[in-house]
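What follows is calculated from the coordinates using simple rules that are stated; it is not laboratory data. Keep in mind the model is a prediction, meaning the values are calculated, not measured. Glycine also receives a Cβ, built like all others from the backbone with ideal geometry; neighbour counts cover every protein chain displayed.
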Amino acid sequence: MASEQDEGGSGRVASPQDGAAEAAGAPDPKTAAAIAAAEAAGPQNGESVRVDSWIWAVRLIKTRSLGATACRGGHVRVNGERVKPAYSLRVGDEVRLRQEGRERIVVVKRLIRKRVGAPVAVQCYVDNSPPPPPREAVAPAGVRDRGTGRPTKRDRREMERLRGLEGLSSSRRSAETRP
């Protein structure tokens, strides 16, 4: 019964035409209203949006101050050039944001100033980023229980063995024992 009702739980039965409209790419009414509100709050003709504000508004970064810090640190590039936080974006610009060891490459489709929900934010840019590496490929750092203190020499050797670095420690030991 829950599959027949919409998410709001109003009791309206979803028709097959609703599914066809969603599959065709037509946004639902809530998303359409949010897009209209974001465009109304956005810049008027001839106005621009700061790059730090835009990357925050489309949810590429958590806070605007982090966006400004990323710009100052050289982690944000627009059309291949490092930019300051107050750089004015235009529709069609390519924004490259490097964070947490991953580079996000997006092309600006719509300029907005206010932070919006994720479904609306996705419609403001075209994501050309390479896919993130699989979780298995990223070796987790040695996770230890809280309060266990620093790892002992034995713990360190076990972690190296698990990471596949045991040859490094044995060659180090053999170099130390040579006359």
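Express in nm, to one decimal, how much length is gained between residue 98 and residue 163 on full extension, taking 0.36 nm for each residue of separation and deducting their alpha carbon distance.
Values: separation 65, 0.36 × 65 = 23.40 nm, distance 2.66 nm.
Going from the current span to full extension adds 20.7 nm.
I want to make sure I understand the PRE zone here: with the label point 7 angstrom from the Cα of residue 115 toward its beta carbon, which residues in segment 57-72 have backbone N atoms less than 16 Å away?
57-70
Once the Cβ-Cβ distance between residue 90 and residue 127 is put in as r, and R0 is 22 Å, what FRET efficiency do you end up with, to the nearest 0.05? Each step should come with its number before you reach the end.
On the way: r = 18 Å, r/R0 = 0.83.
The calculated FRET efficiency here is 0.75.
Provide the packing ranking of 65-76, 92-103, 148-159, 49-60, i.e. peptides ordered by the mean count of other C-beta atoms within 10 Å per residue, highest first.
Numbers: 65-76: 17.2, 92-103: 14.4, 148-159: 11.1, 49-60: 22.6.
With the highest mean Cβ count within 10 Å placed first, the list reads 49-60, 65-76, 92-103, 148-159.
Under 23 Å between alpha carbons, and skipping anything fewer than 8 positions from residue 109 in its own chain: which lysines qualify?
Hits, sequence-local ones excluded: 30, 62, 84.
Can you list the HN-Hα couplings for segment 96-106, worked out from phi with the Karplus curve (6.51, -1.76, 1.60; θ = phi - 60°), rounded to whole Hz and with x for Gly and Pro?
Calculated HN-Hα couplings, in order: 10, 10, 9, 8, 6, x, 10, 10, 9, 10, 10 Hz.
Counting only other residues whose beta carbon sits under 11 Å from that of residue 144, what net charge do I get with K and R as +1, D and E as -1? Numbers along the way, then the final one.
Values: positive: 146, 150; negative: 145, 155.
Surrounding charge for residue 144 is 0.
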